[in-house]
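Heads up, the thing below is written out as structure tokens.
The values are calculated or read from the model by the stated rules, or taken from the named source; none is laboratory data. These numbers come from a predicted model, not from an experiment. All Cβ positions, glycine included, derive from the backbone under ideal geometry; neighbour counts span all protein chains shown. With ligands, DNA and RNA removed, areas are computed over all heavy atoms of the protein, side chains included. Shrake-Rupley method; radii C 1.70, N 1.55, O 1.52, S 1.80 Å.
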Amino acid sequence: GEQVEQRPPHLSVREGDSAIIICTYTDSATAYFSWYKQEAGAGLQLLMSVLSNVDRKEEQGLTVLLNKKDKRLSLNLTAAHPGDSAVYFCAVSVGGQKLVFGQGTILKVYL
Amino acid sequence: DTTVKQNPRYKLARVGKPVNLICSQTMNHDTMYWYQKKPNQAPKLLLFYYDKILNREADTFEKFQSSRPNNSFCSLYIGSAGLEYSAMYLCASSSRQNTEVFFGKGTRLTVV
């Protein structure tokens, strides 16, 4: 079945710098890609999702890139601020909306 | 409103006792899911309902039960809690017309 690897597991960046998180997946039939944010003690907040026909999507300081050839998905937080500190998960699906998650990235943004 | 509501937010249970967790959504989503999340691990799908059809993952088939009395509500039932059930339980919902999956804030279950 689908396997998702996410890296790095921990990421510290200075306020105003960018933070990049990468996921790789194994199933070339994967059709749906998403990123979630989990703040301390909270559930998963959907940040952005794309379908396989999209290579790039930008929203509110976030950029998602999809490279289907390399089976790689990335999330770029441009100009990170302390409020972005959280755990980030990628999640993908071949179909039927059963999500397979990456292991998570703990992001810390310091002043 | 893309809110998925879960109750309670925190639950303390004794080993061997049953546990029932509740989830609701008002988005008229046809699919509702239950995930288990332990610290430093990825969320793990336990089961999901598509309309009234329950689908349980093979490795959790006998450990969790669920019911969906109507489109808006879904419960997760543990018949006899063990220490290994301590985790965050996340409910989610989605619609076949839209691939986005929305999560609730979770119920943190502690079994002692």
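General observations
- The mean sequence separation of alpha-carbon pairs under 8 Å and at least six residues apart, normalised by the residue count of the range B:50-112, gives a relative contact order of 25 percent.
- Per residue, the solvent-accessible area of chain B (1.4 Å probe, heavy atoms of protein chains only, all protein chains present) comes to 51 Å².
- Percent carbon-and-sulfur accessible area, the protein assembly as shown, ignoring ligands, DNA and RNA, probe 1.4 Å: 50
- Rounded to the nearest Hz, the phi-derived 3J(HN,Hα) couplings of the range B:84-94 under the Karplus curve 6.51 cos²θ - 1.76 cosθ + 1.60 (θ = phi - 60°) are 6, 7, 4, 4, 8, 10, 10, 9, 9, 8, 7, where x marks glycine and proline.
- Panel values: chain A, Kirkwood radius from alpha carbon pairs, Stokes-Einstein at 20 °C and 1.002 mPa s, translational diffusion coefficient 154 µm²/s.
- Cβ neighbours within 10 Å from other chains - mean over B:91-103: 4
- Minimum 20 Å² accessible area buried by the other protein chains, the range A:77-104 residues, probe 1.4 Å, relative to alone: A:PHE89, A:GLY96, A:GLN97, A:LYS98, A:LEU99, A:PHE101, A:GLN103
- Percent RCO, i.e. relative contact order, over chain A, from Cα pairs under 8 Å lying at least 6 residues apart: 37
- Lysine pair number, Cα distance threshold 22 Å (strictly under), the range A:37-102, separation 8 or more or different chains: 8
- With one equal scatterer per alpha carbon and no solvent term, the Debye-computed log10 I(q)/I(0) for the protein assembly as shown at 0.10 1/Å reads -0.45.
- C-alpha center-to-center spacing [the range A:1-64, the range B:13-77] in angstrom: 24
- For the chain pair A and B, buried accessible area totals roughly 1700 Å², probe 1.4 Å, rounded to the nearest 100.
- Heavy-atom accessible area per residue - chain A, 1.4 Å, Å²: 48
- Per-selection Rg to Rh, the range B:2-69 - Cα, Kirkwood hydrodynamic radius: 0.95
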